[in-house]
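Worksheet: one structure, shown below.
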Amino acid sequence: MKNSRLQLLCLIMLTSLSFACSSDAKLNKEAKNKVIGKWEIKEAFRNGRLTESLDNLYFEFYEDGQMRTNILGASIQSNYDFSGGKIKQEAGDEGVELEYLVEAVTDTSLILSTVLRRYNFKFDLQRNLELE
């Protein structure tokens, strides 16, 4: 009897885990689809303080896994991967690999955070609707 209860409990847990994983995959796909497009800086924070040194910052994400950004100064293009609520920018021409946490994304706003050169950055971005 104990064995059958244990089996039932395991079955319930596995079923719940299965639904959670499929739900996470769906949310991940929806977020990835929302990220596609051009995003321009609204506000940037370095170590929690508002900074104006990134006034012209932008990110462009394409459906084919390519992205373009000027986060390092010059405009660079590289591959990216979106998984688990994170965008991993592969090392492009500059040889720099970055990871951005997607804190929030809607149709018109995107909030990313990352660590770059030992500084914590948070970017509040807005979609550039003129290019859509």
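Side notes on the structure shown:
- When GLU103, GLU90, GLU97, GLU60 are checked against the criterion of being open to solvent by 40 Å² or more (accessible area, probe 1.4 Å), among the charged types (D, E, K, R) and within 18 Å of ALA31 (Cα to Cα), a single residue qualifies: GLU103.
- Against the list (1) touching a Phe, Trp or Tyr at 6+ places or on another chain (Cβ under 9 Å); (2) surrounded by 13 or more Cβ atoms within 10 Å (Cβ to Cβ), the condition VAL115 fails is (2).
- Filtered residue count, the range 63-87, keeping only those that are part of a strand (DSSP E or B) and open to solvent by 50 Å² or more (accessible area, probe 1.4 Å): 6
The values are calculated or read from the model by the stated rules, or taken from the named source; none is laboratory data. From a predicted model like this one, the values you see are computed outputs, not experimental measurements. Because the Cβ atoms are built from the backbone with ideal geometry, glycine has one as well, and the counts that use them run over all protein chains shown. Accessible surface is based on the protein model in full, side chains and every heavy atom, while ligands, DNA and RNA are left aside. Shrake-Rupley method; radii C 1.70, N 1.55, O 1.52, S 1.80 Å.
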